[in-house]
Amino acid sequence: MKEFFFQYESYIRLSSFIGLYALLTLWEISSPKRKLEHARRLRWVSNFGLIIISSILIRFIFPTAAVGISLLVEQNHWGLLYYFELPYIIHFIAAFVLMDLSLYFQHVMFHALPLFWRFHRVHHTDLDFDITTGLRFHPFEMVISILIKFMTITALGVPVLAVVIFEIILNAASMFSHSNIKIHSAIEQMTRWFIVTPDMHRIHHSVSENETNSNFGFFISVWDRLFGTYTKEPKEGHTGMQIGLNNFREPKWQDIRWLIYLPFVSNIKDYAINKRRMENDE
């Protein structure tokens, strides 16, 4: 089975991506949470363009990607979890949860360190919030992220199957949490106790610095409550809040050419997570 996932991992991820993307797009069209304020065509071209460039770059630099590293780790029993004689299912669950926790800390780091924020702010320059926002990452950020993932897999001892399942769920969670869909409030409030919902993550894309530097979770939602970075609701409400970054609201910053260049713009005043004011709702 490991060999099967290793050989067909890219096809499995692509097919799951296409299926969920189609489903969430139909949901956005039929029941949107917010009215989109900006031209969809330019945003979508840029957002899809970035993920295509990133995918090509990563495949060129790292041909076997995370699955190849996990296969090597599993064959040699490297990593923390292999120091314990755990049943496979416990090993799998522990690896999955710790991988998600590592993404939480990675996300916080991309907001806290000026160099990393230069690349990550490309993601936050989208002036609307829909399913394609989950694709909007600078190629260099994606390279940095895959290197961190390699180190995490090796340090923890994450098996192949856990990596494949985690990657599929991570892609699905990114699309879901960035989707512009309306969910009944009671269902949404219950769901966000377990996983990150669009209403929870949308707050992270607010122009308000205090809201931007909150709700860092990717899939499991408990980390923000546990580490004190949780914001329950935006001050302006979900339909009234403004999306994006105040310093990058000109139309040119929706063009893929400018987005590639954006990390090298000198202004970096809006990064510091240590400026976050602890005045969120309980």
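Read the figures in this text as sums done on the coordinates, not as results from a lab. A quick note: this is a predicted structure, and the numbers were derived from the prediction, not measured. So basically every Cβ, Gly included, is an ideal-geometry build from the backbone, and we count neighbours across all protein chains shown.
Modelled spin labels at S31 and N247, positioned 7 Å past Cα toward Cβ, are 3.9 nm from each other.
When only the Cβ of Lys, Arg, Asp and Glu is charged (+1, +1, -1, -1), the dipole of the chain relative to its Cα centre reaches about 660 debye. Exposure proxy ranking for S221, S55, S31, based on other Cβ atoms within 10 angstrom of each Cβ and starting from the fewest, stands as S31, S55, S221.
If I require 30 Å or longer along the helix axis, counting alpha carbons, and a Kyte-Doolittle average no lower than 0.0, what helices from the chain are left? Use full DSSP H segments.
Details: long enough: 2-30 (41 Å, 0.48); 40-61 (31 Å, 1.05); 88-112 (36 Å, 1.35).
Passing helices, by number: 2-30, 40-61, 88-112.
Between M151 and Y88, the distance separating the two model label sites (each 7 Å from Cα on the Cα→Cβ line) works out to 3.1 nm. Here F137, F60 are placed in order of increasing Cβ neighbour count within 10 Å, fewest first, which gives F60, F137. A Förster radius of 22 Å, combined with the Cβ-Cβ distance separating K235 from L113, puts the computed FRET efficiency at roughly 0.25.
Listed by Cβ neighbour count within 10 Å, with the fewest neighbours leading, F84, F166 appear as F84, F166. The coefficient of translational diffusion for segment 104-242, derived via Stokes-Einstein from the alpha carbon Kirkwood radius under 37 °C and 0.692 mPa s, stands at 209 µm²/s. Put the Cα centre of segment 166-219 next to the Cα centre of segment 68-127 and the gap is 19 Å. When Lys and Arg each count +1 and Asp and Glu each count -1, what net charge do the other residues less than 12 Å away from H184, Cβ to Cβ, add up to? Residues close to H184 contribute a combined charge of 0.
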